[in-house]
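The values are calculated or read from the model by the stated rules, or taken from the named source; none is laboratory data. Keep in mind that what you see is a predicted model, and the values were worked out from it rather than measured. We place every Cβ from the backbone using ideal geometry, glycine too, and count neighbours over all the protein chains shown. Side chains included, ligands, DNA and RNA excluded: accessible areas come from the protein's heavy atoms. Shrake-Rupley method; radii C 1.70, N 1.55, O 1.52, S 1.80 Å.
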Amino acid sequence: MNQPFTKTLPADLLAGVVVFLIALPLCLGIALASNAPLYSGILAGVIGGIIVGTISGSSTSVSGPAAGLTAVVAAQIHSLGSFEAFLAAVLLAGVIQILMSLAKLGFLAAFFPSSVIKGLLWAIGVILILKQIPHVLGHDSDPIGNKSFLQTNHENTFSELFKTIFDFSPGSAVIGLSCVCLMLVWDKLKFLKNSKIPAPIIVIALGVLLNYFLDKQGDHWMLDPSHFVQVPVANSIRDSLRFMTFPDINAFYSSAVYIAGVTIALVASLETLLNIEAVDKIDPRQTVTPPNRELLAQGVGNILSGLVGALPITSVIVRSSVNINAGAKSKVSTIWHGIILLASVLLVPDWLNKIPLAALAAILLITGLKLSNPKIVMQMWREGKNQFLPFMITVIAIIFSDLLIGVLIGLGVAICFILHSNIRRPIKKTIEKHTAGDEVLHIELPNQVSFFNKASLENTLKNIPHGGHVLIDARNTDYIDPDILDLIVDFQSGSNSQKIVVSLSGFKDKYPQLEDRINYVDFTTKESQTNMTPEGVLKIFQDGNLRFREGLRLTRDIDRQLLGASIGQYPMAVVLSCIDSRSPVELIFDLSIGDIFSVRIAGNVVSRKVLGSIEYSCAVAGAKLVLVMGHTSCGAVKASVDFLCNRQTVAEATGCANLDSLIWEIQKSINHKECKHIKDWSEGQKEDYLNDVAYRNVLHTMAKIRKNSSTLDGLVKRGKIAIVGGMYNISTANVSFFQTHDSGTLDSENKYTAMINKFIKNDAVKKFFKMFS
């Protein structure tokens with residue numbers, strides 16, 4: 001939830017000051033590393049703060065000249081022959097970015113793997129540490145904003161570190177190390193960490209004071225001008241206009257400018273989208289930056305940069321990280337940093353040039369330590385090689401090249417892992433066994449089927465055995481790549497030679513080159529009913545209940561089911577179940593239309609009318625199985641127990657005049673003696689008891705069917721049908737099947753009767769009841 005503006009303003013203003021202090025040398029250093037005028041870096045920082053910050057939808061991202069673009073900028077300035085021609089390309093790049101925003105291309109940000117984003121953050125942290133150590137010690141031969149491995153002074157990151165051992169400034173080292181220590185202590189001491197003044201402001205103040213003190217200690221401790229911020233100084237505000245450069249309009253007649261504009265737009269947009277994803281991840285409030293709005297903001301910023309002589313702009317991870325660490329709450333800090341940058345460069349450039357680079361490097365070094373937290377490496381390691389390797393390769397590639405090349409290498413590696421994963425597990429595959437005995441390999445295509453899925457689908461189709469049956473299911477698919485469609489068409493055409501039966505579903509409406517057809521039987525037919533046995537039907541029920549529990553229902557064509565049902569009915573079984581709304585039989589056993597006769601009555605009891613329905617189902621319609629199915633938490637059973645134990649009539653308790661016969665039938669499965677002690681049981685014991693009564697009621701119904709129907713009893717004796725009981729657990733969806741002896745007699749004592757008798761015979765219980773007798 002956003003806090004009121006007045007409450008966040010103090011924190012934002014202080015954070016803006018911190019970002020300004022860091023941005024100033026970075027803007028100058030990046031301009032120097034890009035072989036561009038120093039003032040172009042300052043202008044880019046001002047535009048990135050004020051203009052882009054105002055339009056952007058991010059509350060923490062800070063834009064400005066980016067180290068990741070230094071190589072591109074330097075190459076394009078050299079290629080175009082002048083900085084003025086380069087500015088024309090920057091202006092064009094801004095226009096292209098606005099067009100990208102209008103085309104909603106910001107969605108590309110969602111495709112950057114998290115392993116690459118985390119690798120980017122961790123690599124930036126490591127680079128900040130490696131690059132700032134020389135500056136902390138006063139070895140300032142490389143611009144402070146440069147992050148590339150290969151440097152403009154023909155050294156690299158590690159050779160520069162080695163040279164620092166032999167070439168450093170004692171004064172800068174004192175300032176830099178003191179500032180590092182202060183930053184470390186600040187984070188450890190609670191009263192300092194919770195203070196409203198950000199540590200970097202105190203660090204800069206300490207750096208300036210130490211320099212003032214060291215300046216009086218003699219030449220050995222004095223700092224050279226190269227160890228300070230070096231802002232171009234104008235004699236007046238009007239005089240500062242001479243530092244501005246304007247685009248060469250004639251450059252638009254050269255095709256090279258358009259190529260450069262497209263290059264800058266693509267590279268700057270990629271870096272921006274990557275950075276806003278990374279910034280959102282480290283933002284404690286986990287805000288989400290609208291990518292299309294960010295592209296619009298960057299486009300406007302780069303148009304203005306091209307017009308006034310500034311470097312191209314992107315979102316910058318280092319400044320954004322500093323902004324977050326400084327406690328920024330809204331975009332006010334970003335805008336404020338741009339305002340201070342403009343005002344200070346125009347009004348007090350001499351003051352800025354008194355800030356030691358060592359103090360600024362100390363702040364960046366601590367920022368690097370926070371970004372390169374070892375816990376992130378351990379987290380990526382625990383997530384497996386598919387995450388760890390792209391992460392680590394991204395880190396190494398960025399450290400040994402530059403941000404852009406390193407990220408592209410990381411993306412390439414991540415894509416390779418995605419492709420490898422798609423080859424192994426891209427498509428959902430299940431083996432379905434249908435009513436008629438057909439075994440079908442069901443291939444369910446995902447929502448979007450791209451060329452990434454081609455290798456996996458091709459391997460799957462190649463491995464279908466001779467004489468197999470496959471169903472390719474596109475019912476949940478919105479898009480199929482033309483290459484995939486060609487693959488399916490070719491497979492279907494060549495399937496006859498392998499005697500492979502191919503069924504298709506979900507293609508006809510969207511893909512006319514493929515016609516839906518189901519070549520297996522997905523409902524009970526006269527032929528399949530004739531070939532079934534009672535044992536086989538029971539197995540179908542068991543398998544169907546397992547599929548129901550696991551969410552793997554068979555794929556059926558509703559039109560074919562309806563057509564088959566209109567011709568006739570050949571059910572495999574009749575199910576006598578309760579009317580309870582939580583026990584829908586066709587769903588529980590994953591059955592098709594026409595597979596069963598369903599008789600539903602409260603308490604799954606039997607009467608002459610019910611018996612007549614079951615007799616017709618088996619003797620006339622040919623059903624091979626009678627399933628009597630009770631269920632747990634049965635309301636009819638609970639009511640029957642309550643009425644019996646409380647000696648109430650059904651009419652008195654419910655006002656229903658026609659329930660008596662049904663309740664009396666269920667009560668035949670209840671032992672009257674059990675009512676004496678049921679009030680002393682726990683809720684768990686009562687629930688178990690009621691479920692046991694439901695179980696006894698199923699056994700009673702099964703026995704009554706045999707006893708009262710000579711027709712069904714004769715079919716059982718001849719092995720034509722089987723009568724099976726089942727208990728459906730409404731909590732687990734599992735059905736437990738059971739059968740009685742051929743005589744249909746019930747055991748005189750079951751487990752709950754034994755429990756009750758044991759309870760009654762217990763000595764402590766006897767003494768308890770004797771007290772009230």
Quiz prompt | Boolean, ASP660 is open to solvent by 40 Å² or more (accessible area, probe 1.4 Å) and without any contact (Cβ under 8 Å) to a residue 12 or more places away in the chain | solution = no
Quiz item: Which of the following residues is in contact (Cβ under 8 Å) with a residue 40 or more places away in the chain and surrounded by fewer than 20 Cβ atoms within 10 Å (Cβ to Cβ): ALA260, ALA234?
Solution: ALA234
Quiz item: Going by the conditions given, is LEU266 open to solvent by 90 Å² or more (accessible area, probe 1.4 Å) and farther than 25 Å from LEU365 by Cα?
Solution: yes
Quiz item: Only one residue in ALA278, ALA265 is modelled with pLDDT of 95 or more and of a type in the set (Gly, Ala, Ser). Which one?
Solution: ALA265
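Only one of these is in a loop (DSSP other than H, G, I, E, B) and either at positive phi or not basic (Lys, Arg) (or both): SER528, SER503, SER497, SER583. Name it. If you could, list the steps in order and put the result at the bottom.
Numbers: SER528 fails: in a loop (DSSP other than H, G, I, E, B); SER503 fails: in a loop (DSSP other than H, G, I, E, B); SER497 fails: in a loop (DSSP other than H, G, I, E, B).
From the options SER528, SER503, SER497, SER583, the qualifying one is SER583.
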Quiz item: In the stretch 436-463, how many residues are open to solvent by 20 Å² or more (accessible area, probe 1.4 Å), of a type outside the set (Lys, Arg) and over 25 Å from the mean Cα position of the chain (by Cα)?
Solution: 8
Quiz item: When both residues are 6+ apart or on different chains and their Cβ atoms are under 6 Å apart, which pairs have a first residue that lies in the stretch 665-676 and is more than 16 Å from LEU699 (Cβ to Cβ), and a second that is open to solvent by less than 100 Å² (accessible area, probe 1.4 Å)?
Solution: GLU674/ILE756; CYS675/CYS645
Exercise. Quickly run through the stretch 10-59 and pick out the residues that are within 34 Å of the chain's Cα centre (by Cα) and in a helix (DSSP H, G or I).
Key: ALA11, ASP12, ALA15, GLY16, VAL19, GLY48, GLY49, ILE51, VAL52, GLY53, THR54, ILE55
Quiz item: Can you tell which of ASN292, ASN302 is in a helix (DSSP H, G or I), at pLDDT 95 or above and surrounded by fewer than 24 Cβ atoms within 10 Å (Cβ to Cβ)?
Solution: ASN292
Quiz item: Within the set of pairs 6+ apart or on separate chains, which have a first residue in the stretch 192-219 that is farther than 21 Å from ALA326 by Cβ, a second that is aromatic (Phe, Trp, Tyr) and surrounded by 13 or more Cβ atoms within 10 Å (Cβ to Cβ), and C-beta atoms under 9 Å apart?
Solution: ASN211/PHE228; PHE213/TRP221; LEU214/TRP221; ASP215/TRP221
Quiz item: Among the listed residues PHE400, PHE391, which satisfies the condition of being aromatic (Phe, Trp, Tyr) and surrounded by 19 or more Cβ atoms within 10 Å (Cβ to Cβ)?
Solution: PHE391
Self-check item: Total residues in the stretch 474-512, condition in contact with a helix residue (DSSP H, G or I) (Cβ under 7 Å, 6 or more places away or on another chain) and open to solvent by 60 Å² or more (accessible area, probe 1.4 Å)
Solution: 1
Quiz item: Only one residue in LEU471, LEU441 is in a strand (DSSP E or B) and over 19 Å from GLU550 (Cα atoms), so which one is that?
Solution: LEU471
Quiz item: In the stretch 60-82, what residues are surrounded by fewer than 24 Cβ atoms within 10 Å (Cβ to Cβ) and assigned to a loop (DSSP other than H, G, I, E, B)?
Solution: GLY81, SER82
Quiz item: Among the residues of the stretch 547-582, how many are within 18 Å of SER613 (Cβ to Cβ) and either surrounded by 21 or more Cβ atoms within 10 Å (Cβ to Cβ) or aromatic (Phe, Trp, Tyr) (or both)?
Solution: 9
Exercise. Please find, within the stretch 619-628, the residue that is farthest from GLY719 (Cα to Cα) out of those that are buried (at least 24 other Cβ atoms within 10 Å of the Cβ) and touching a Phe, Trp or Tyr at 6+ places or on another chain (Cβ under 9 Å).
Key: LEU627
Quiz item: How many residues are closer than 14 Å to VAL126 by Cβ and among the polar types (S, T, N, Q) if we restrict to the stretch 379-402?
Solution: 2
Quiz item: Can you find even one residue in the stretch 173-186 that is assigned to a helix (DSSP H, G or I) and polar (S, T, N, Q)?
Solution: yes
Quiz item: Which residues, counting only those in the stretch 586-610, are of a type outside the set (A, V, I, L, M, F, W, C), crowded, with 20+ Cβ neighbours inside 10 Å and more than 44 Å from the chain's Cα centre (by Cα)?
Solution: GLY603, ASN604
Quiz item: ASN323 fails exactly one of the following numbered conditions: (1) within 30 Å of PHE86 (Cα to Cα); (2) buried (at least 20 other Cβ atoms within 10 Å of the Cβ); (3) more than 25 Å from the chain's Cα centre (by Cα). What is the number of that condition?
Solution: (1)
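Test THR6 against the criterion of being more than 20 Å from THR289 (Cβ to Cβ) and either within 33 Å of the chain's Cα centre (by Cα) or surrounded by 24 or more Cβ atoms within 10 Å (Cβ to Cβ) (or both), and give yes or no.
Details: more than 20 Å from THR289 (Cβ to Cβ): yes; either within 33 Å of the chain's Cα centre (by Cα) or surrounded by 24 or more Cβ atoms within 10 Å (Cβ to Cβ) (or both): no.
For THR6, the condition - more than 20 Å from THR289 (Cβ to Cβ) and either within 33 Å of the chain's Cα centre (by Cα) or surrounded by 24 or more Cβ atoms within 10 Å (Cβ to Cβ) (or both) - is not met.
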